[in-house]
Amino acid sequence: MIKPFYIFILLLCLSNCITAQTLDPNKKLTRNDTTRPLNSNDSSLVDKKGKNVNNKVAKIEQYKIIDAANNIQYVDTSLTITKDYKFNYLRKDNFGLIQFANLGQTYNSLTKEFNSTNLLPAFGARARHFNYFEIEDVNYYEVPTPLTELFFKTAFQQGQLLDAFFTVNTSKQFNFSIAYKGLRSLGNYQNTLTSTGNLRFTSNFKSKNERYFAKAHIVTQDLLNQENGGLKTEDLPNFTSGDEDFIDRSVFDPNFDDAENILVGKRFYLNHEYQLIPQNDSINKSLSIKNIINFEDKYFQYEQTSSSDYFGESFNQSNFRDRVTLENFETKLLVNYKAPIVGDVSFGVGYNDINYGYDKVTILNGQQIPNRLKDQIVSLNGRYSNQFGGFVLNGEIGANIIGQFDSNFFLAEASYAITDDINLKGRIGFNSNSPNYNLLLYQSDYINYNWNNIEGFKNQDNYNFTIELKSKKLFNASFQHLTIDNFAFFSSEVDTSTEDGFNIIKPEQLLQSINLYKLRLDKEIKFGKFALDNSILYQKVNDDTQSLNLPELILRNTLYYSNHFFEKKALYLQTGITFNYFTDYYMDGYDPLLAEFYSQNETKIGGFPRLDFFINAKIRQTRIFLKAEHFNSSFTGYDYFSAPNNPYRDFTVRFGLVWNFFL
């Protein structure tokens, strides 16, 4: 798993550590970063006049993080409760997700989003994509001095999680970064080892006259999971009973112990722009031309030593290897015009060349299942944004005009600043897109996992209406209404023709509409050095077929204490308890052969609390995290699962840190 790279990054971090400089935290400071509120425990700040706190140290707003949409944030070394929520394998707030037992395994979704603007089907194996870096997940940088970040967290049994990052500007015009996120975790159950790696290179360039800009990245990723199919049904009472003989989870015999799946991807991406008419003070207009080139090659593979009745009958009895590949070459050409009153207008044309499929043809019941899905697609898209007083308008539209995928989308958004603190935003959207590739075409050594729905499945149509209210003093609230037509998903049914009665997983599409309503409220209440942070999500699904199953209520409440300690406030400490809960429902099952979740209506899961006790500390630019996860597991009952037959995590204590170095 590119082990020498660990050594290289570690040496790089140590070299930075020797000469690292920090800003003086004792002066009265403020922040130019408008993306988050001022936090007094952030040691990387500037004074009120925006000057350097120390002549030898750069200002924090010079350390820029630029996302794919050109939004800019600044490096943040503060310790907040949000940082605690993001200190996990994904490095994202995982509210609405529930982890599987081992680090690096998949997550089950307690809520679902249907607001994509993609014009092509997704690859499939979606359960493997939670830690897959898409284009929008890659950031670019601009820094006055070299910057290093080291993320570390312990895993389960043998292994650890490390995310190491380094970036430097070789000149004012050119920046590059290199990062590697690696994980190896044995896990507490048989055959659940995870081994993943995400290697990222980025570059960010602008010409001296600031008329040419280019962002590029190379990402290579391999995400491997051993699979065991979960606990056997007859073993579930032994797990839920809390019997001491079964507290050692390695004593359980899983459904099988000889399988693994892996998702591997490589992507080369270039986004460059030239300003034909540069914007300046005398001419408040600009005209630019942009080109995007993207090539991605990925495959998903399932391997198993011998056949298992868990998946039904098979063509072969040993040495299974199902492998599906996707090659996608994409290029776009866009023209952008900005002017007062007119606003910011973009129009572009795109081209995709896709090649999805297998290296063999399958004949089943006298019907030939094709091995390839190839197409060349031409699309048109446009964007618009403008501001009228307190109103900000944004719109986007796109459609395929050539090719077999007749997809299109529309998105409109308006926001209004009622006061300096209260912002109201409304959004409407529509997306019509083909179901994922693996719903359309799939081949396997297991007979039940062969289908061809290229001609039979229609586009899934999603209608989205959202309204949001954001206020630091009051609360954040959002209401969303979604209508889904032609919902495409994986379903399950019990095969009664066999004695074991195994589940048959198959693609399915509904002909009627599904309505989903979501209401979310976020509010932090502070009283002295104590705070109570609350996130509440209420969901209601109108679906007579029970194909889309979600819990009605999801809760997360964190009660914590924060304070500075020691001379000159050298230590900032947070400690508290986080409570997670969701109501019981027919939770989606997990299929390891597809690496997909499927709808089921046999087993209800939920209604169990999850309590985590944490102690977080910050010393200079180092944030330290210690957490006792699910410490209530032994006294609130062992009936906790992340999917049918797949237990949630037991009580464990884990440690980690995030360390920044400014050279």
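The values are calculated or read from the model by the stated rules, or taken from the named source; none is laboratory data. What you are looking at is a predicted structure, and each value in this text was computed from that prediction instead of being measured. Glycine gets a Cβ as well: all are built from the backbone with ideal geometry, and neighbour counts include every protein chain shown.
Assess whether LEU270 counts as being over 22 Å from ILE218 (Cβ atoms) and in contact (Cβ under 8 Å) with a residue 40 or more places away in the chain. No; evaluated as a whole, the condition is false for this residue.
Considering segment 574-616, and only residues there that are among the polar types (S, T, N, Q) and not in a strand (DSSP E or B), the residue that is nearest to GLU508 (Cα to Cα) turns out to be GLN600.
Filtering segment 574-588 to residues that are surrounded by fewer than 24 Cβ atoms within 10 Å (Cβ to Cβ) and under 24 Å from the mean Cα position of the chain (by Cα) leaves THR578, PHE579, ASN580, TYR581, THR583, TYR585, TYR586. The set of residues from segment 153-192 being of a type outside the set (Ser, Thr, Tyr) and over 26 Å from ILE624 (Cα atoms) comprises ASN169, LYS172, GLN173, PHE174, ASN175, PHE176, GLN190, ASN191. Residue pairs whose Cβ atoms lie under 6 Å apart, separated by 6 or more positions or on different chains, with the first residue in segment 346-359 and under 19 Å from LYS332 (Cβ atoms) and part of a strand (DSSP E or B) and the second of a type in the set (Val, Ile, Thr) and at pLDDT 95 or above, are PHE347/VAL335; TYR351/THR331; TYR351/VAL378; ASN352/ILE377.
Which ones in segment 123-154 are assigned to a loop (DSSP other than H, G, I, E, B) and either touching a Pro at 6+ places or on another chain (Cβ under 9 Å) or at positive phi (or both)? Passing the criteria: GLY124, ALA125.
The set of residues in segment 155-167 that are assigned to a strand (DSSP E or B), surrounded by 17 or more Cβ atoms within 10 Å (Cβ to Cβ) and at negative phi comprises LEU161, LEU162, ASP163, ALA164, PHE165, PHE166, THR167. Within segment 124-141, residues that are within 18 Å of GLN105 (Cα to Cα) reach partners that are of a type in the set (Asp, Glu) with beta carbons closer than 8 Å, at six or more positions or on different chains, in the pairs GLY124/GLU596; ALA125/GLU596; ARG126/GLU596; ALA127/GLU596. If only residues of segment 168-200 that are in a loop (DSSP other than H, G, I, E, B) and not hydroxyl-bearing (Ser, Thr, Tyr) are counted, the one that is nearest to TYR132 (Cα to Cα) is LEU193. Of the residues making up segment 415-434, one or more are under 25 Å from LEU521 (Cβ atoms), modelled with pLDDT of 95 or more and polar (S, T, N, Q).
Scan segment 575-590 and tell me whether some residue there is farther than 30 Å from PHE635 by Cβ and not β-branched (Val, Ile, Thr). Looking for residues that are farther than 30 Å from PHE635 by Cβ and not β-branched (Val, Ile, Thr), one finds none in segment 575-590, hence no.
Would you confirm, using the coordinates I've provided, whether GLY348 is in contact with a Lys or Arg (Cβ under 7 Å, 6 or more places away or on another chain) and surrounded by 17 or more Cβ atoms within 10 Å (Cβ to Cβ)? Criteria met by GLY348. Just one residue in the set ASN284, ASN319, ASN280, ASN291 is surrounded by fewer than 16 Cβ atoms within 10 Å (Cβ to Cβ) and in contact with a Pro (Cβ under 7 Å, 6 or more places away or on another chain); that residue is ASN284.
Only residues that are of a type in the set (Phe, Trp, Tyr) and modelled with pLDDT under 95 were counted in segment 366-404, giving 2. Taking the criterion of being out of contact with any Leu (no Cβ under 7 Å at 6 or more places or on another chain) and among the aliphatic types (A, V, I, L, M), the residues of segment 92-150 that qualify are ALA101, LEU119, LEU120, ALA122, ALA127, ILE135, VAL138, VAL143, LEU147, LEU150.
Within segment 283-301, residues that are without any contact (Cβ under 8 Å) to a residue 40 or more places away in the chain have Cβ atoms under 6 Å from residues that are among the hydroxyl-bearing types (Ser, Thr, Tyr) and surrounded by 16 or more Cβ atoms within 10 Å (Cβ to Cβ) in these pairs: TYR299/THR325, counting only partners at least 6 apart in sequence or on another chain.
Checking each residue in segment 441-456 for being farther than 27 Å from SER306 by Cα and among the aliphatic types (A, V, I, L, M) picks out only ILE454. Determine, yes or no, whether VAL335 is part of a strand (DSSP E or B), surrounded by 14 or more Cβ atoms within 10 Å (Cβ to Cβ), over 29 Å from the mean Cα position of the chain (by Cα) and modelled with pLDDT of 95 or more. Criteria met by VAL335. If we keep just the residues of segment 548-573 that are modelled with pLDDT of 95 or more and outside any strand (DSSP E or B), which is surrounded by the fewest Cβ atoms within 10 Å (Cβ to Cβ)? Ranking the candidates gives GLU552 first.
Looking only at residues that are among the acidic types (Asp, Glu) and either assigned to a helix (DSSP H, G or I) or over 26 Å from the mean Cα position of the chain (by Cα) (or both) in segment 43-88, which one is modelled with the highest pLDDT? Filtering segment 43-88 for residues that are among the acidic types (Asp, Glu) and either assigned to a helix (DSSP H, G or I) or over 26 Å from the mean Cα position of the chain (by Cα) (or both), the one modelled with the highest pLDDT comes out as ASP84. Return yes or no: is ALA122 modelled with pLDDT of 95 or more and within 30 Å of SER379 (Cβ to Cβ)? Judged against the criteria, ALA122 is a match.
Per the conditions (1) over 25 Å from LYS64 (Cα atoms); (2) in contact with a strand residue (DSSP E or B) (Cβ under 8 Å, 6 or more places away or on another chain); (3) hydroxyl-bearing (Ser, Thr, Tyr), the sole criterion not satisfied by TYR212 is (1).
Taken together, TYR107, TYR141, TYR132, TYR89 contain a single residue that is of a type in the set (Ser, Thr, Tyr) and over 22 Å from THR194 (Cβ atoms), which is TYR141. In segment 454-468, the residues that are over 13 Å from ASN436 (Cα atoms) form Cβ pairs under 8 Å with partners that are modelled with pLDDT under 95 and surrounded by 17 or more Cβ atoms within 10 Å (Cβ to Cβ), at six or more places apart or across chains, as follows: ASN462/PHE114; ASN464/PHE114.
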